[in-house]
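The values are calculated or read from the model by the stated rules, or taken from the named source; none is laboratory data. No experiment lies behind these values; they were computed from the predicted model shown. Note: ideal-geometry Cβ built from the backbone for every residue, glycine included; neighbour counts use all protein chains shown. Only protein heavy atoms, including side chains, enter the accessible area calculation; ligands, DNA and RNA are left aside. Shrake-Rupley method; radii C 1.70, N 1.55, O 1.52, S 1.80 Å.
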Amino acid sequence: MDELMQARTALAALEKREQELINELCNIRDAARFQRSRVKELVAQMPISPINCLPAELLLQAFKFYLEAVPDTCDVYRHSKRELASVSRRWRDVILHSPSLWTTINVTSYWSEARAKTYVARSSQSLLDINFRRWNVNRDERIFTALFNVLASSAHRWRSFTIQPNISDLHRSLLLEKLNHLSFPSLKRVSIWKFPGSFAWQAEPYEPIFLHPESSPHLERVHLQVNMRTFDTFHVPSSTSALSLDFSGFHLDRHPSIFESHLYRGLTSLHIFGDPVDSSLPPDCIQLPLLEEFTCKVERGRALIHALVAPNLKHFDYSPRLWRDSPTKVFADLNSRFTNVDYLRLSDFTAENLSKAVCLAFPNVCHLELTRVTRNTFGTCRAEFPNDVLYWNNLKSLTLHGLLSDDLKFLDVLVTFLRQRLNAGQTKLHVKVAFLLGGVSSLFRGVPEYCYLELLDRFGEVFCRSGSEAWEY
């Protein structure tokens, strides 16, 4: 009986304590509810953060600018977007629910089928820019195929497509073969590096059917980078507007008709580099009526330049690693050949590079860019601009790359040239000087008297501009 009484007494005590705890919990909940309401009131009274005052549209634009500036070595999805989304719930919502932030798909070996599905889903019905940047040859082919199939499901939304040089030859071939089985009603731009002459498993040349009008009716620009050594027969798709030809290890005399195809007639941009071009090209044999941009980086380019007929050419870049022939010889007898060229770029600047032959070949140059301006090149020639340059009445800007910060001899040349222009009644030039190593703005104190001057570092960023405080010391 005593044991029963003890048990009942203990139970009563526990029940009493239980009720006390329940009452205490209710009081705590009431207090927490009050404090929660108080916190909301205080937060509402606080000044709103400027970044949270931005409309979602402006915040989205800020995100786009940030993501576009991310280095190519950084995986935007894995790092930058996650960092932004972790700042606040609002930022996260804007990122996750803005299709325009998911339209650029840079595929690398780190990508998976799941990530591809995420991008395709979050981009909603927006047009896509597909860029195969890097894919390791050792990565499982099945992963590559599964990932591509996900992207192919939205082929109707592809706006641009790029295959970069760092894609293995095997996966590049697989990719191009699969593309021929798809249609791209929205595709406008295509860029393919290391465009193949044929596949290892087939003898006949590769034909990019997906570039035909039937498959890509709205295609505007096609850029192909071709290593000519891989081609037994060379066929340019009729839709190609930009072409890069690598002649390394290629002998042009074995393929003399390579530039005679009518399929080149639609080119607006042509880049040629590699080994010396054969000198047996006849003059005026390369007819490119729509060409606007021409870059030539072969060491003996005279025959190629004299063969070119391009009445609409505006941008001319001749930048060989070495000048095997003098500019006078390269551009001789081309009087007014390139009258519409307003941008001229030449490498390894010396005074001789701006010979009379150059000035006569390009009579209406507005923007002149000279690269690799070094002390050594001035040591081998006269230290002055030729008087023929003064006949460039339309010249507006002069950009010089590769200067050493203590090249005082060059400064004398530049000042003399600018003074001669002004004495001849011509307007001040906009001069940009890019340094190879360092840059001392104090050396240029007297130069702004004769031009509008900007000094650039080796990254192309302006660190000093005439009229700024940096000149006042």
**OP:** Would you point out which residue out of Leu151, Leu84, Leu67 is within 24 Å of Asn180 (Cβ to Cβ) and open to solvent by less than 30 Å² (accessible area, probe 1.4 Å)?
**Re:** Leu151
Original post:
Just a yes or no: is a residue in the stretch 302-309 surrounded by 17 or more Cβ atoms within 10 Å (Cβ to Cβ) and in a loop (DSSP other than H, G, I, E, B)?
Top reply: no
Subject >> Condition broken by His79, with the remaining ones in (1) farther than 18 Å from Arg122 by Cα; (2) in a helix (DSSP H, G or I); (3) modelled with pLDDT under 85 satisfied >> reply: (1)
**OP:** Determine which member of the set Asp93, Asp129 is of a type in the set (Asp, Glu) and within 21 Å of the chain's Cα centre (by Cα).
**Re:** Asp129
Subject >> One residue from Phe148, Phe132, Phe184, Phe144 being part of a loop (DSSP other than H, G, I, E, B) and in contact with a strand residue (DSSP E or B) (Cβ under 9 Å, 6 or more places away or on another chain) >> reply: Phe184
Original post:
Within the group Glu141, Glu57, which residue is open to solvent by 80 Å² or more (accessible area, probe 1.4 Å) and touching a His at 6+ places or on another chain (Cβ under 8 Å)?
Top reply: Glu141
Subject >> First in the stretch 156-175 and in contact (Cβ under 8 Å) with a residue 12 or more places away in the chain, second anywhere and of a type in the set (Asp, Glu) and in a helix (DSSP H, G or I), Cβ under 8 Å, 6 or more apart >> reply: Leu170/Glu141; His171/Glu141; Leu174/Glu141
Subject >> Residues being surrounded by fewer than 13 Cβ atoms within 10 Å (Cβ to Cβ), of a type in the set (A, V, I, L, M) and at pLDDT 75 or above - total across the stretch 437-471 >> reply: 1
**OP:** Determine which member of the set Lys396, Lys428 is at pLDDT 60 or above, under 28 Å from the mean Cα position of the chain (by Cα) and open to solvent by 40 Å² or more (accessible area, probe 1.4 Å).
**Re:** Lys396
Original post:
For the stretch 313-344, what are the residues that are touching a Pro at 6+ places or on another chain (Cβ under 8 Å) and over 16 Å from Trp392 (Cα atoms)?
Top reply: Arg324
